[in-house]
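First comes the structure, then the notes that go with it.
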There are 4 protein chains.
Amino acid sequence: MGPGGHDEASLGYRGAAMNMPTAEELNRSRRGYDAFYGLELLELSETEVRARVLVRDELKQPVGLVHGGIYASLAESVTSLATAAAVIPEGNMATGLSNVTNFLRPITDGHVHALGTRVHRGRTTWVWDVRMSDDADRICAVTRMTIAVRPLPDAYAQAQPPTAG
Amino acid sequence: MGPGGHDEASLGYRGAAMNMPTAEELNRSRRGYDAFYGLELLELSETEVRARVLVRDELKQPVGLVHGGIYASLAESVTSLATAAAVIPEGNMATGLSNVTNFLRPITDGHVHALGTRVHRGRTTWVWDVRMSDDADRICAVTRMTIAVRPLPDAYAQAQPPTAG
Amino acid sequence: MGPGGHDEASLGYRGAAMNMPTAEELNRSRRGYDAFYGLELLELSETEVRARVLVRDELKQPVGLVHGGIYASLAESVTSLATAAAVIPEGNMATGLSNVTNFLRPITDGHVHALGTRVHRGRTTWVWDVRMSDDADRICAVTRMTIAVRPLPDAYAQAQPPTAG
Amino acid sequence: MGPGGHDEASLGYRGAAMNMPTAEELNRSRRGYDAFYGLELLELSETEVRARVLVRDELKQPVGLVHGGIYASLAESVTSLATAAAVIPEGNMATGLSNVTNFLRPITDGHVHALGTRVHRGRTTWVWDVRMSDDADRICAVTRMTIAVRPLPDAYAQAQPPTAG
């Protein structure tokens, strides 16, 4: 996970380990791929999550459309983060099992907007639907994401900040 | 993608419009998201394609594993490029319809290796299976990718380099 | 759609092939597999479709739960029928491209209820989400169905009943 | 499934609880939906399974093609049975998590042939690919099936015949 102790503090986890972090807190601790492609979380709860990504040339495939992998990545990030934020306080971790993305309409500029809605909360798997749209709110891609929820290994349970996705 | 004249030349399209570009040619013309996340094509034909991505921190999710979106992106890129390389010379274009990725085992360093195998060549859709593995050749993710093949709009047909994915 | 008699008249099936058939009309012409496993259509339009199947031993897997194939079949039938009913009058046919079904909770008796909602109407593909539930309205399975819409071959166009799915 | 003692005997499980049942044994104990639609197992191991279904009118959709639900059902049955046959002797059960089926080419008569190959054996999920073909061995549908493997509840562990799918 990285340095860790510092993040726990900045995420306000010192005395409130049972609370979900906010979108703003998660954005501040964003790193790795989420920071690289430009994930911007707007709102998250354990049943709904909203985020967006600013379109730029680095996110496009050869003919100038947003690359399909960006939709899959965005859906994966938001549902993993929302699930992790909810289950880590309970001593569990969240790991992606499968990502099913359908591409409906290309996006070439503006933002890709994502709205994730939880479809199912099982004991060992959560299922989410993600609707992705353009600035005109036209539906452009949909993802069905299945996430495994498993007990956090003990070592992790002590050091883990809440952003594991 | 841009108007292309320069690329067409460098891709050897001057007098050989019916040939598929090689992996090396496609790597040289790589740009946008494929360059951004580090796609390295190794070999491609219209039935098989091999590529890899070097793992680095920018491709990881919060707990230090390669982000699920990278597997989905890699599978999407290689199958789109291989399909496009085959169908553009025939006046068609290739567009991703759906990407189904299952995550089997995490990768934390080395390369993500991808082997794409065409499962079906239909008139309007191609279906590929992609196996992704780590440096020890353990299977880590699998993708089933469906790609629509449609007639290239006339305007495109004149300017289009062969890498549209 | 309503109880039917009235609709049939207003849909003018006697001499007006341009209208969608009703659920009741489709149930009367039901045959083959749909009749075999017990599909009962309740309502359909080109954006929404409802149906149910009565659970019986012939639909169960070895430990007494409704077989996963029944959910997949039910989702496939309702979305194919609703799409076909809408596109056949326009001279097109509907063919399933892919069926992605997630199993969330078992059903052992009563009915399997299906509610299909159209997610996307493209020129060549329609995408539907189907929610399947038990008698207590608990969500038990979800399907994302992609259906190809293609021009009907001429021979078909003359002989075709409106239920092609 | 029923009380089971009798089945265990007929399946030769009295003194050989660690062995997988054969395809022939599973065919003899076939019931419910598998018997209803006509599943015929030909061979199974924990990494590969072969089966077929005889095409008849009861398995067709309105225009006379094998219904998409039959491919999904067949793939689900063979992978669930093969997984269950392998894990039940170890005190686990197998439950379908998701079924992703792509339809490639229609079948109108003869048999639907299925070949399932295990892609991944995880601690809690198994993943299989199933290739379905017609009598001319043309590929007609493919399924990616994910199956959860969980500890068998105690009550089950005592009474359970090995065919739970």
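Coordinate-derived values only; no laboratory data. Fair warning: this is a prediction, and the values are worked out from it, not measured in the lab. Virtual Cβ from ideal backbone geometry, glycine too; neighbours counted across all protein chains shown.
Between segment D:135-153 and segment C:74-129, what is the separation of their alpha carbon centroids in Å?
Cα centroid of segment D:135-153 versus Cα centroid of segment C:74-129: 21 Å apart.
In nm, to one decimal, how far is the modelled label at C:THR124 from the one at A:ARG28, with both set 7 Å along Cα→Cβ?
4.9
Using just the Cα positions, wrap segment A:22-156 in a convex hull and report its mean projected area in square nanometres, one decimal place.
Its average projected convex-hull area is 8.0 nm².
Tell me, what ³J(HN,Hα) does each residue in segment B:121-138 have, in order and in whole Hz, if you take phi through Karplus 6.51 cos²θ - 1.76 cosθ + 1.60 with θ = phi - 60° and put x for Gly and Pro?
Residue by residue, segment B:121-138 yields 10, x, 5, 10, 9, 10, 10, 10, 10, 10, 9, 10, 9, 9, 5, 8, 6, 7 Hz.
Farthest toward the dipole's positive end in segment C:22-156, which of C:VAL100, C:VAL55, C:VAL142, given Cβ charges of +1 (Lys, Arg) and -1 (Asp, Glu) about the Cα centre?
Toward the positive end, the furthest listed residue is C:VAL100.
Determine, for D:ILE88, A:ILE70, the number of other Cβ atoms within 10 Å of each Cβ, and report the residues in order from fewest to most.
Result, fewest neighbours first: D:ILE88, A:ILE70.
Give me the distance in nm between label points sitting 7 Å out from Cα along the Cα-to-Cβ direction at A:THR117 and D:ARG138, one decimal.
4.0
Loop-only GluC sites (Glu not before Pro) in segment C:46-144, please: DSSP not H, G, I, E or B, and at most 14 other Cβ atoms within 10 Å.
C:GLU46
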